[in-house]
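A.B. asks: Here it is: the structure, laid out below.
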Amino acid sequence: MISPFRRSLGLIVVGTGSLITPLDSSVNIAFPYIVGDFGKPMAMIQWVVIFYVLTYASLMLVFGKLGDLFGHRRIFGIGLAVSIVGLLLVSVSPSFEGLLFFRFLQGLGSGLVTSVGPALIIALYPEDQRGRAVGMFTLIYALGSMLGPSLGGWLVEMFDWRAVFWFRAPIALFSLVLLFTLPTPSKRHEKPSYDIAGAVTLIVAMSSFMMTLNQLQRLEQQGVLPVIGFAVVFGLSVAGFIRAESKAKEPILKLTVFRNIDFTIVNQYSGAP
């Protein structure tokens, strides 16, 4: 039985650690200063976004499955550690190319943290309190996105553009230090089985889908061929993913849940007005 105090502390720990992702909105304010410092054209700033967003968005489901197999707390802790390293390396990057690589590393950390954060919250609370707890977690996440630009502007003015990265390292470290307060997960007795084929095809599918959307915004500059190319890769990888999931012992995504009409309708129209 988890005490109310320990639940509240766990919510603070997970919520604080998860803030590193929505607070990335502070980077938007620093875009002109980043490209100016490295002598790059403003158009190059898209890669600062792509290397980060593409990484964590395409890996979230893959990392979530790792959490199911090896423990959500462990994956969350690894994500915080990777994020600390990535954020600090971005803030001291001597070149634009190095910054892009460290943004990729930061994306790995954010993907690990974001993929298991909600599961950690759900595990802390009994069923009748989970709705409120998840609501509080979502509120913390939303506040991070809202405060990011204002905080970013202040940090750039007081320090420089590198501050929008390094200021999140102490936040992640605080959560990492207090991570031990979360309950120790029960050990799996069976040998874990990971769906590698599903993971690879899912990553390719998500990446190619996001690149298709990116290229749609650049039709005038690059033409339609890149859009068609990425769209074809997306279609083939989706087909490969469906095939892999139908054969996997422990699939990343159980496609059978979509046979439940209630589940499908709720998820399809959850964002409708």
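A.B. asks: Looking only at the stretch 85-118, how many residues end up being part of a helix (DSSP H, G or I) and either open to solvent by 30 Å² or more (accessible area, probe 1.4 Å) or in contact with a Ser or Thr (Cβ under 9 Å, 6 or more places away or on another chain) (or both)?
C.D. replies: Quick first cut of the stretch 85-118, residues part of a helix (DSSP H, G or I) only: 85-91, 96-118.
Checking which are either open to solvent by 30 Å² or more (accessible area, probe 1.4 Å) or in contact with a Ser or Thr (Cβ under 9 Å, 6 or more places away or on another chain) (or both) leaves us with 85-86, 88-89, 97, 99-114, 117-118.
Residues meeting the conditions: 23.
A.B. asks: Further question: Looking only at residues in the stretch 67-81 that are assigned to a helix (DSSP H, G or I) and open to solvent by less than 40 Å² (accessible area, probe 1.4 Å), which one is modelled with the lowest pLDDT? I'd like the intermediate steps shown before the answer.
C.D. replies: So in the stretch 67-81, the residues assigned to a helix (DSSP H, G or I) come out as 67-70, 72-81.
Add one more test, that the residue is open to solvent by less than 40 Å² (accessible area, probe 1.4 Å), and what stays is 67, 69, 75-77, 79-80.
Numbers: 67: 87, 69: 84, 75: 93, 76: 94, 77: 94, 79: 95, 80: 96.
Checking each candidate, the answer is 69.
A.B. asks: Separate question: Going through 148, 144, 131 one at a time, which residue ends up being open to solvent by less than 70 Å² (accessible area, probe 1.4 Å), farther than 30 Å from residue 70 by Cα and in a helix (DSSP H, G or I)? Talk me through it step by step, then tell me what you get.
C.D. replies: Numbers: 144 fails: farther than 30 Å from residue 70 by Cα; 131 fails: farther than 30 Å from residue 70 by Cα.
It is 148.
A.B. asks: Given (1) at pLDDT 90 or above; (2) open to solvent by 10 Å² or more (accessible area, probe 1.4 Å); (3) under 22 Å from residue 213 (Cβ atoms), identify the lone condition not met by residue 29.
C.D. replies: (3)
A.B. asks: Against the conditions (1) surrounded by fewer than 15 Cβ atoms within 10 Å (Cβ to Cβ); (2) outside any helix (DSSP H, G or I), where does residue 161 fall short? Just the number, please.
C.D. replies: Unmet for residue 161, out of (1) surrounded by fewer than 15 Cβ atoms within 10 Å (Cβ to Cβ); (2) outside any helix (DSSP H, G or I): (1).
A.B. asks: Of all residues being among the small types (Gly, Ala, Ser) and at pLDDT 85 or above in the stretch 34-56, which is surrounded by the fewest Cβ atoms within 10 Å (Cβ to Cβ)? Just the residue, please. Lay out the reasoning, then the answer.
C.D. replies: Step one: list which residues in the stretch 34-56 are among the small types (Gly, Ala, Ser), which gives 36, 39, 43.
If we keep only those that are at pLDDT 85 or above too, we end up with 36, 39.
Values: 36: 11, 39: 8.
Out of the qualifying residues, it is 39.
A.B. asks: Taking interchain pairs and intrachain pairs at least six residues apart, which have beta carbon atoms under 7 angstrom, with the first residue in the stretch 221-241 and within 19 Å of residue 199 (Cα to Cα) and the second open to solvent by 70 Å² or more (accessible area, probe 1.4 Å)?
C.D. replies: 234/209
A.B. asks: Residue pairs, Cβ under 7 Å, 6 or more apart or interchain, first in the stretch 137-159 and of a type in the set (S, T, N, Q), second open to solvent by less than 50 Å² (accessible area, probe 1.4 Å). List them.
C.D. replies: If the second residue must be open to solvent by less than 50 Å² (accessible area, probe 1.4 Å), the pairs left are 145/22; 145/25.
A.B. asks: Give the residues of the stretch 75-92 that are touching a residue at least 60 places away in the same chain (Cβ under 8 Å) and over 16 Å from the mean Cα position of the chain (by Cα), sorted by residue number.
C.D. replies: 88, 90, 91, 92
A.B. asks: From the set of residues in the stretch 210-257 that are within 25 Å of the chain's Cα centre (by Cα) and open to solvent by 90 Å² or more (accessible area, probe 1.4 Å), which is farthest from residue 59 (Cα to Cα)?
C.D. replies: Looking at residues that are within 25 Å of the chain's Cα centre (by Cα) and open to solvent by 90 Å² or more (accessible area, probe 1.4 Å), I get 217.
A.B. asks: Next question, about the same structure. So which residues in the stretch 1-53 are within 28 Å of residue 76 (Cα to Cα) and aromatic (Phe, Trp, Tyr)?
C.D. replies: Of everything in the stretch 1-53, those that are within 28 Å of residue 76 (Cα to Cα) and aromatic (Phe, Trp, Tyr) turn out to be 5, 47, 51, 52.
A.B. asks: Another question, if that's okay. Output the number of residues of the stretch 16-60 satisfying the condition of being farther than 30 Å from residue 238 by Cα and among the aromatic types (Phe, Trp, Tyr).
C.D. replies: Residues flagged as farther than 30 Å from residue 238 by Cα and among the aromatic types (Phe, Trp, Tyr) within the stretch 16-60 amount to 3.
A.B. asks: Then there's this: Only one of these conditions is not met by residue 190: (1) at pLDDT below 90; (2) surrounded by 12 or more Cβ atoms within 10 Å (Cβ to Cβ); (3) acidic (Asp, Glu). Which number is it?
C.D. replies: (2)
A.B. asks: Does at least one position in the stretch 43-63 carry a residue that is within 19 Å of the chain's Cα centre (by Cα) and not in a helix (DSSP H, G or I)?
C.D. replies: Within the stretch 43-63, the first condition is being within 19 Å of the chain's Cα centre (by Cα), and the residues that meet it are 46-63.
Now drop any that are not not in a helix (DSSP H, G or I), which leaves none.
No - not one qualifying residue is present in the stretch 43-63.
A.B. asks: If residue 181 meets every condition in (1) touching a helix residue (DSSP H, G or I) at 6+ places or on another chain (Cβ under 7 Å); (2) open to solvent by 50 Å² or more (accessible area, probe 1.4 Å) apart from one, which number is that one?
C.D. replies: If we test residue 181 against (1) touching a helix residue (DSSP H, G or I) at 6+ places or on another chain (Cβ under 7 Å); (2) open to solvent by 50 Å² or more (accessible area, probe 1.4 Å), just (2) comes out false.
The values are calculated or read from the model by the stated rules, or taken from the named source; none is laboratory data. As the structure is a prediction and not an experimental result, all values here were calculated from the model. Here the Cβ is made from the backbone with ideal geometry for all residues, glycine too, and neighbour counts use every protein chain on show. What goes into the accessible areas is simple: the full protein's heavy atoms, side chains included, and nothing from ligands, DNA or RNA. Shrake-Rupley method; radii C 1.70, N 1.55, O 1.52, S 1.80 Å.
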